[in-house]
Amino acid sequence: MSLDSGIPQRVAPELFEHVSEGVVIVDDEHHVVFVDETAGDFLAADPDEVSGSSVDGLFGDTAVSDAVRSGESATALSVDTTGPVELRATVQPFESGVAVVLDRERNRQEAILGQLHDVASGLELSREEKIRRLLEIVADHLGVQYGFVTRIADDTQRILHSVGDHPELAVGESAPLTETYCRYTIEDGETKAVDAASEEGWEDDPAYERFELECYLGVVLSVEGEQYGTVCFADKSAHESGFDQYDQSVVEALADWLTLMLERQAFEQELEHQQAFVESLLDSLPDPVYAFDREGTLVQWNKRLEDVTGYGAADIADIEPMDIIAAEDSEEVTAMFDSVLSGDQLSTEAMLETKDGTHVPYEFSVAPLYDESGEITGVTGVGRDVTERNMHREQLSGILETTRSLMQARDRQHVGELAANAAAELVDENVALFRLYDGDARTLEPIASTPAAKETLGDRPTYGIDEGYPGTVFATGEPTIVDDFAVIDNEFEYGDVRSAMYYPVGVHGTITVASTEPNAFDETDQSILGLLATSAAAACMRAKRTQEIREAREQSDRLLDRVNGLVQNTVEVLVQARTRDELERNVVAELAATDPYSFAWVGQPDVTTEELSPTAWEGETKLPVEGQSFDLTRENEPVARAYHEGTTQVLTDMTEVYGPLSDIVADSDVGAVVIIPLVYKDATYGTLTVCAQDSDVFDERERVILDALGRAVANAINAVERGRILDATEIIELEFAVGSSELLFNRLSGAAEGTLEAVGIDYRSDGAVRLYLSAEGVDTGAFIERARSDDVVMELTTIVDHEDECLVELVVEESLLAVLAEYGAVTKEVVAEGGSARFTVELPAEAEARELFELVESRYPGTDLLGYHERERAVETRQDFKAALSDRLTDRQETALKTAYLGGFFDWPRDIDGNELAEAMDIARPTYHQHLRAAQAKVFEELFE
């Protein structure tokens, strides 16, 4: 703005420094000589009318009038106005008067804030320079000498930035918080203003004593929500006008700017720290890390990339991706980078080419780089040297190939040879040795070695357990690595060998690899030999098992040949024997003639005396069995136990045998005895005893064979006993009654009012028994239903069903009739009535009738013997049978039966039918069939009754 021409020119420069919007000039007599239009508007006064009036008339009795009259400068004086505008006055004396500059409060605040904004947002100054300039602006605005920023931590104030020359407020100075003005700012947590410390009672305060500041205005600084320090302004002189709300607002605004700057500084420091951390982390990685933009420019890498490629930091910044890839792999790697730029994550193996042209196998893993919007801006990845991995892969491949070879080894000797050669090849040393453990001698025998082993080590000794390195390794199961034999004391000589590895091969032996160089074996070598030793142990185990299986198979073949011969000969004997005595003699003869048996005998029981006596014996070893007897009541003795329990008894310690058996084997070379019960179903026919010199002969397989042989002998005895009844002329007839409800006949007859009779028995292919029962005088429906519901009846078939009689077929698992038949008895009649059954059976005269009765009584307690008869049975010859049948047939019946048989009527398919046979006899067809049926009925009656 311009000054009125009536104002002396020497005033203008001073005014221009302070003029904002309105100016009032007062002469040295305190009269108004000039009021510009803006001041007139502010004061609601006409400039012309107030010109010449006193200053009191314009400003009243106020601080402004007082300042003008005193002739001293003053700032920030409040001006009373009637309008809405709040004014501040600055009084500035000059040579011939006083200038009063009027500012609107809002404009002053906007001006100072504008200055702060311009400095804070400017790009020319550094952060340090910006803070200093901000402090200067506000200090000047407040009219104080000092401005400073503090950092308060651990109850200590430290000066970070300052303006003014106070020695205690210089940058870097610190003081206990208790001796500072700032402690009040921190304690209150809000702006602290002191206008005149000496007048406000600060003379004894430690802060006043230390800093001697009369005025102080401080605001708390917070960074990221945490208390950081303060920004303060002070002076050694009191603030005449006092720090008003406007001043505090300016300092608080400055605090906000400083907070932003400090937070940004903290963020940048954290960012720099993170960047340094990331770079340090990347540089610490053992593998090269890299990042390229879409144009192929290297934008980030770690130190390792420089090391492995040989390029310096300056050179590597200019390389392209394919500059470090071998030519033969560049096409594949380029394709991979293109795919990654499309969003894929890929890995490939390629040759890295160094600055000097060396090719190193590397695995490159690459992924896309994204910006904040999700756009792909480049690629990043890591490379890994796979030289050792490839080498290990080749070594593992070699181990796998060796393992396959080891598993095909024919025996452990062959395993040792393969393992020794493989160890030398895989570890790349020439000296290797395999020792096999001899369990009998408890020594480790060297069985295989490489040619260089003998040249280097000479003939190797045999080690005992815990002897030398091999013995110790084998005993502990832990490997031993010797780095240098030259520095250890050992009783054994190792030739030119300086270092060695010793590994156990399971329980089979040890393997050794040695070198003429010290410290020749690293962890990789140790791992390889460990794997090889494990494979060799498995191969040894397999070879040992294969050999054992082969030996067992050979032994089984020998056993099978022996058993086949024994069984074949014994079966032949069993089939051909006509009597039990013949059967027993031939069986013991066959057993005694079979290696490795040396003696055999059969013992039969006497149920009357409850003793078992040898009845047939044979053997190369002559044992005194004749006249011996075994008390069957002494069930703790092996013979009695075998008889009663029906289980085979094996004795291998002859010193513990007692009783008659001890007398028999005493003073003999018998080392083992097996006693086999001769059991067929419920019948026990005695025992078969076999002796051998070898105590290990009767193993499980041998016992199984002899058990089966015992059952076959018992079966044959049963067959012989049953056959005796057919040929016997002298028979025993037994009659006995069974009242037990355990018998099916009794349960059925007890539920029916009539009489039941067993009319036949048969066997199915599955071993079940068919019973044919006739019932008379019964309710057939109720009887059949009761029989069908019985627990032991598996099936029921009604054959004939009349009003009060029926014939049924019952299928059951077992029957007393079957037991009697198996014992050699012929059931002549079974009649059941009222819950009791009467049996009539026939036995050969020499059979043990008492034993049979006791068998029945043991199954059905309460059985009563009704009769015992010895008599002769008439022998019916073939001619007698024909004559009896011929007497019963009429001429026409005999002719009809003979023509049907001879004509093929009973063949299938039939060669002739009934019409043709009827024509041959010149009779009608129905008549012919009537004669044939009658003839058949008479034949069956003669056969079955």
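The values are calculated or read from the model by the stated rules, or taken from the named source; none is laboratory data. Just so it is clear, the model here is predicted, and its values are computed rather than measured. Note: ideal-geometry Cβ built from the backbone for every residue, glycine included; neighbour counts use all protein chains shown.
Taking the stretch 635-672 as the region of interest, how many residues are more than 17 Å from Ala692 (Cβ to Cβ) and touching a Lys or Arg at 6+ places or on another chain (Cβ under 8 Å)?
4
In this structure, does Ile488 turn out to be within 43 Å of the chain's Cα centre (by Cα) and at negative phi? Before the answer, list the steps.
Details: within 43 Å of the chain's Cα centre (by Cα): no; at negative phi: yes.
No; evaluated as a whole, the condition is false for this residue.
Inside the stretch 770-877, counting only helices (runs of 4 or more DSSP H) that do not spill past its ends, which hold 3 or more residues that are exposed (fewer than 13 other Cβ atoms within 10 Å of the Cβ)?
Because the criterion is at least 3 residues that are exposed (fewer than 13 other Cβ atoms within 10 Å of the Cβ), the helices (runs of 4 or more DSSP H) in the stretch 770-877 that meet it are 780-789.
Which of the residues belonging to the stretch 125-155 are under 60 Å from the mean Cα position of the chain (by Cα) and either surrounded by 16 or more Cβ atoms within 10 Å (Cβ to Cβ) or of a type in the set (S, T, N, Q) (or both)?
In the first step, residues of the stretch 125-155 are kept if they are under 60 Å from the mean Cα position of the chain (by Cα); the result is 151-155.
Residues satisfying the conditions are Arg151, Ile152.
Looking at Ala500, Ala448, which is the one that is crowded, with 20+ Cβ neighbours inside 10 Å, among the aliphatic types (A, V, I, L, M), modelled with pLDDT of 85 or more and under 38 Å from the mean Cα position of the chain (by Cα)? Outline the logic, then answer.
On the way: Ala448 fails: under 38 Å from the mean Cα position of the chain (by Cα).
Only one candidate qualifies: Ala500.
Among the residues of the stretch 390-408, is any part of a helix (DSSP H, G or I), without any contact (Cβ under 8 Å) to a residue 24 or more places away in the chain, among the small types (Gly, Ala, Ser) and in contact with a helix residue (DSSP H, G or I) (Cβ under 6 Å, 6 or more places away or on another chain)?
Yes, the stretch 390-408 contains at least one residue that is part of a helix (DSSP H, G or I), without any contact (Cβ under 8 Å) to a residue 24 or more places away in the chain, among the small types (Gly, Ala, Ser) and in contact with a helix residue (DSSP H, G or I) (Cβ under 6 Å, 6 or more places away or on another chain).
Scan the stretch 768-782 for residues that are hydroxyl-bearing (Ser, Thr, Tyr) and either touching a residue at least 40 places away in the same chain (Cβ under 8 Å) or more than 23 Å from Val819 (Cα to Cα) (or both) and jot them down.
Start the filter on the stretch 768-782 by keeping residues that are hydroxyl-bearing (Ser, Thr, Tyr), which leaves 772, 774, 780.
Of everything in the stretch 768-782, just one residue is hydroxyl-bearing (Ser, Thr, Tyr) and either touching a residue at least 40 places away in the same chain (Cβ under 8 Å) or more than 23 Å from Val819 (Cα to Cα) (or both), namely Thr780.
Somewhere in the stretch 451-469, is a residue at pLDDT 90 or above and either in contact with a Leu (Cβ under 6 Å, 6 or more places away or on another chain) or not in a helix (DSSP H, G or I) (or both)?
Looking for residues that are at pLDDT 90 or above and either in contact with a Leu (Cβ under 6 Å, 6 or more places away or on another chain) or not in a helix (DSSP H, G or I) (or both), one finds none in the stretch 451-469, hence no.
I'd like the residue in the stretch 41-99 that is part of a loop (DSSP other than H, G, I, E, B), within 16 Å of Ser241 (Cβ to Cβ) and at pLDDT 75 or above and, out of all such residues, is nearest to the chain's Cα centre (by Cα). Reasoning before the result, please.
So in the stretch 41-99, the residues part of a loop (DSSP other than H, G, I, E, B) come out as 44-46, 51-53, 60-62, 71-73, 80-86, 95-96.
With the extra rule that they be within 16 Å of Ser241 (Cβ to Cβ), the set shrinks to 62, 72-73, 80, 86.
If we keep only those that are at pLDDT 75 or above too, we end up with 62, 72-73.
Working: Thr62: 95, Glu72: 95, Ser73: 92 Å.
Across the stretch 41-99, the extreme among qualifying residues is Ser73.
With the requirement that a residue be surrounded by fewer than 23 Cβ atoms within 10 Å (Cβ to Cβ) and polar (S, T, N, Q), what does the stretch 666-702 give you?
Ser668, Thr684, Gln693, Ser695
How do the helices (runs of 4 or more DSSP H) wholly within the stretch 219-318 filter down when requiring 1 or more residues that are basic (Lys, Arg) and at pLDDT 85 or above: which remain?
245-284, 303-309
What are the residue pairs meeting all of these: first residue in the stretch 300-321, first residue aliphatic (A, V, I, L, M), second residue part of a loop (DSSP other than H, G, I, E, B) and at pLDDT 85 or above, Cβ atoms under 6 Å, and 6 or more apart or on different chains?
That search, which allows pairs on different chains as well, returns Leu305/Pro288; Val308/Pro288.
Scan the stretch 717-738 for residues that are aliphatic (A, V, I, L, M) and either closer than 24 Å to Ala837 by Cβ or at pLDDT 85 or above (or both) and report the count. Steps first, answer last, please.
Narrowing the stretch 717-738 to residues aliphatic (A, V, I, L, M): 717, 719-720, 725-726, 728, 731-732, 734, 737-738.
Checking which are either closer than 24 Å to Ala837 by Cβ or at pLDDT 85 or above (or both) leaves us with 725, 731-732, 734, 737-738.
Going through the stretch 717-738 one residue at a time, the tally reaches 6.
Would you check if Gly824 is modelled with pLDDT of 85 or more and either under 14 Å from Arg747 (Cα atoms) or in the same structural domain as Tyr763 (by TED's automatic domain parsing) (or both)? Please lay out each step first, then the result.
Details: modelled with pLDDT of 85 or more: no; either under 14 Å from Arg747 (Cα atoms) or in the same structural domain as Tyr763 (by TED's automatic domain parsing) (or both): yes.
No, not satisfied.
Every residue in the stretch 518-539 that is part of a helix (DSSP H, G or I) and surrounded by 21 or more Cβ atoms within 10 Å (Cβ to Cβ), please. Show your work before the answer.
Pass one, the stretch 518-539, residues part of a helix (DSSP H, G or I): 523-539.
Across the stretch 518-539, the qualifying residues are Ile528, Leu529, Leu532, Ala533, Ser535, Ala536, Ala537, Ala539.
Checking the condition more than 24 Å from Leu865 (Cβ to Cβ) and either among the hydrophobic types (A, V, I, L, M, F, W, C) or in contact with a Pro (Cβ under 8 Å, 6 or more places away or on another chain) (or both), which residue from Ala752, Ala825, Ala758 passes? Let's see the steps before the verdict.
On the way: Ala825 fails: more than 24 Å from Leu865 (Cβ to Cβ); Ala758 fails: more than 24 Å from Leu865 (Cβ to Cβ).
Step by step, each of Ala752, Ala825, Ala758 is checked, and only Ala752 is more than 24 Å from Leu865 (Cβ to Cβ) and either among the hydrophobic types (A, V, I, L, M, F, W, C) or in contact with a Pro (Cβ under 8 Å, 6 or more places away or on another chain) (or both).
Does the stretch 573-594 include one or more residues that are modelled with pLDDT under 90, closer than 15 Å to Thr689 by Cα and of a type in the set (Ser, Thr, Tyr)?
Within the stretch 573-594, one or more residues are modelled with pLDDT under 90, closer than 15 Å to Thr689 by Cα and of a type in the set (Ser, Thr, Tyr).
Listed residues Gln245, Gln265; which is over 22 Å from Lys192 (Cβ atoms) and in the same structural domain as Leu217 (by TED's automatic domain parsing)? Before the answer, list the steps.
Working: Gln245 fails: over 22 Å from Lys192 (Cβ atoms).
Only one candidate passes the filter, namely Gln265.
Within the stretch 729-760, which residues are assigned to a helix (DSSP H, G or I) and either on the phi > 0 side of the Ramachandran plot or not hydroxyl-bearing (Ser, Thr, Tyr) (or both)? I'd like the intermediate steps shown before the answer.
Filtering the stretch 729-760 for residues assigned to a helix (DSSP H, G or I) gives 744-751.
Correct list: Leu744, Phe745, Asn746, Arg747, Leu748, Gly750, Ala751.
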